[in-house]
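See below for the structure under consideration.
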Amino acid sequence: MQKIEAILQPSKLDAVKDALLEAGIEGMTILEARGHGRQKGHTEFYRGREYTVDLLPKIKLEIVVVDALKDKAIQAIIGAARTGKIGDGKIFVTRIDEAIRIRNEEHGESAL
């Protein structure tokens, strides 16, 4: 099993969710996040004062998939989230050794 964590622009969330559902991936966790990478944020004016906004709103998407669906899930995220501009986000993939469904104690891939 693989855990895929993707940091996305909030405006791309619906497109990414739809792409993952089309790819056969149903379970996901979505978190609101703030951060920056190379884009470093921007400045804004509010009531005549300048403010630096260095932590931009982002979405963190977490999914755990069987090994066979890993590449399909990654391509779905990239296809739906890419604009070609700085700030599109990142994808991190890590190995998951065990998954357990709390309700009935199923283990492994059947717990997904």
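Quick note: the coordinates plus some simple rules give every number you see, no bench work behind them. Small disclaimer: the values here were computed from a predicted structure and weren't measured. Reconstructed Cβ throughout: ideal geometry from the backbone, glycine too, with neighbour counts over all protein chains shown.
If you take the residues of segment 9-21 that are of a type in the set (A, V, I, L, M, F, W, C) and in contact with a helix residue (DSSP H, G or I) (Cβ under 8 Å, 6 or more places away or on another chain), which of them is surrounded by the fewest Cβ atoms within 10 Å (Cβ to Cβ)? Quick ask: steps written out before the conclusion?
Quick first cut of segment 9-21, residues of a type in the set (A, V, I, L, M, F, W, C) only: 13, 15-16, 19-21.
Now drop any that are not in contact with a helix residue (DSSP H, G or I) (Cβ under 8 Å, 6 or more places away or on another chain), which leaves 15-16, 19-20.
Values: Ala15: 15, Val16: 23, Ala19: 19, Leu20: 24.
Out of the qualifying residues, it is Ala15.
Filtered by the rule that a residue be over 12 Å from Leu8 (Cβ atoms) and either of a type in the set (D, E, K, R) or loosely packed, with under 10 Cβ neighbours inside 10 Å (or both), segment 77-93 gives Gly84, Lys85, Ile86. Scanning segment 1-48 for residues that are of a type in the set (A, V, I, L, M), in contact (Cβ under 8 Å) with a residue 60 or more places away in the chain and in a strand (DSSP E or B) yields Ile4, Ala6, Ile7, Leu8.
Would you point out the residue of segment 22-76, among those that are acidic (Asp, Glu) and under 14 Å from Ile91 (Cβ atoms), that is surrounded by the most Cβ atoms within 10 Å (Cβ to Cβ)?
Pass one, segment 22-76, residues acidic (Asp, Glu): 22, 26, 32, 44, 50, 54, 62, 67, 71.
Next, from what is left, pick out any that are under 14 Å from Ile91 (Cβ atoms): 62, 71.
Working: Glu62: 14, Asp71: 12.
The qualifying residue surrounded by the most Cβ atoms within 10 Å (Cβ to Cβ) is Glu62.
Taking strands (runs of 3 or more DSSP E) that do not extend beyond segment 49-112, which have at least 2 residues that are among the charged types (D, E, K, R), out of contact with any Phe, Trp or Tyr (no Cβ under 9 Å at 6 or more places or on another chain) and more than 15 Å from Gln2 (Cα to Cα)?
Ranges flagged: 49-53, 56-65.
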